[in-house]
1. Determine, for His103, His44, the number of other Cβ atoms within 10 Å of each Cβ, and report the residues in order from fewest to most.
2. Using only C-alpha positions, report the orientation-averaged shadow area of the convex hull of region 4-173, nm², one decimal.
3. If Lys and Arg each add +1 and Asp and Glu each add -1, what is the summed charge of the other residues whose beta carbon sits under 15 Å from the beta carbon of Ala53?
4. Given the options Ser166, Ser121, Ser108, state which has the largest fluctuation in a GNM of the chain using a 10 Å cut-off (strictly under) for Cα springs.
5. Report the extension gain between Asp74 and Glu117 in nm, rounded to one decimal, defined as 0.36 nm multiplied by the number of residues separating them, less their alpha carbon distance.
6. Size of the dipole of region 4-173 about the Cα centre, Lys and Arg at +1 and Asp and Glu at -1 on the beta carbon, nothing else charged, in debye to 20?
7. If you put +1 on each Lys and Arg Cβ and -1 on each Asp and Glu Cβ, how big is the dipole of region 15-62 around its Cα centre, in Debye rounded to 20?
8. When the helices in the chain are scored as -39500 (n - 2.57) per DSSP H run of 4 or longer and the sum is shared across all residues, what 222 nm value do you end up with, to the nearest 500 deg cm²/dmol?
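Computed from the coordinates by the stated procedures, all read-outs in this text should not be read as laboratory data. Owing to the predicted nature of the structure, the values given are computational and were not obtained by experimental measurement. Every residue, glycine among them, receives a Cβ derived from its backbone with ideal geometry; neighbour counts consider all protein chains shown.
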Amino acid sequence: METDAAMETDAAMEMADADVPMVGGAKMFPNRTIVENAVNSADHTTLVAAVKAAGLVETLSGPGPFTVFAPTNDAFAALPDGTVETLLKPENKDQLTKILTAHVVAGSWTAEDIIREARKSRDNFYHFAAVSGDALSAKVTAGNRVFIFDENGNAYEVTQADVMQSNGVIHVVEGVLLPR
């Protein structure tokens, strides 16, 4: 029979567990790294395969902090036919790495941080550099919706923000950010 203290601990753990956000059907535990959580998301299997193929697992498991704009499987599927398969080939590792690091920003940027910075400008844009060196822009629209623009002017909405990790934050985006 469980003691009262054990039952209280179990109840507290269940309550804390209930606050853990879900991404792709998996809980994203804030005490795990970006990679440790991403591998469990059914919506990010293509991203995880790409991170592995590019040799970025160790980097994104490091201390960071990193902000990752994480495209879903559907985002990768929307690329022209054969693009993902081509990028995953060993001979295209440099190009794949460039694309993936265009989704990563140094620091831990919450949606609130991005919105605050964007609201400081007259056009509601905030500009920052990705780890790849590419330019990204965030635009805030009515209702505090956040869109991320790549260097080609493609804009993708953040569909799930502020998935906190031990080494940063993930924002799920509906498209693949492509460098020029």
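1. His44, His103
2. Taking a quarter of the hull surface, the average projection is 11.3 nm².
3. Neighbourhood net charge equals 0.
4. Ser121
5. In short, 12.6 nm is gained.
6. Dipole magnitude for region 4-173 comes out near 640 debye.
7. 100 debye
8. -9500 deg cm²/dmol
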